[in-house]
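All of the numbers you see were taken from the coordinates with simple rules; none came from a lab. No experiment lies behind these values; they were computed from the predicted model shown. Cβ coordinates were reconstructed from backbone atoms using ideal geometry, including for glycine residues, and neighbour counts include every protein chain displayed.
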Amino acid sequence: MDPLADSPRRRVRYEEAAARLADHDERFLSVFAHGSLEVELYAPRGKDLQTPHSRDELYVVVKGTGTYVHGGRRDPCGPHDVLFAPAGLEHRFEGFSEDFAVWVMFYGPEGGEEAGHRDSSSPEAVDVGALERPEVG
């Protein structure tokens, strides 16, 4: 594990993590760990070859744009978007820009927090794009 992830930090700067990632052959870098939470910076290049993971994961897009492919859906994504992949769900990024990078947070037990591993097409899932936004002004 990278020393950055082993430190008692409470803040990880993207610029520092990206500089360390640039020095590695891998496309991900562990940057923080606490309890069941593991945080990585992930920056696929060319093609995203990831396979389903054994724990739930949350992505936050830091830079760039792309398409998040998950559970039979294709959603555009860009900076500040939050994306969820329950344990075991096939997912990947496609058509992403050269500067595409995400924070990825793995958490919870092996197999995920929820039995049945609902995907984004489950009736319980909320499409935040469909939520009404309050008018400002």
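Other residues lying with their Cβ under 12 Å from the Cβ of THR65 contribute a combined charge of -4, Lys and Arg counting +1, Asp and Glu -1. Spread over its residues, the convex hull of the C-alpha atoms of segment 3-112 is 98 Å³ per residue. Going from the residue with the fewest nearby Cβ atoms within 10 Å to the one with the most, ASP99, ASP48 rank ASP99, ASP48.
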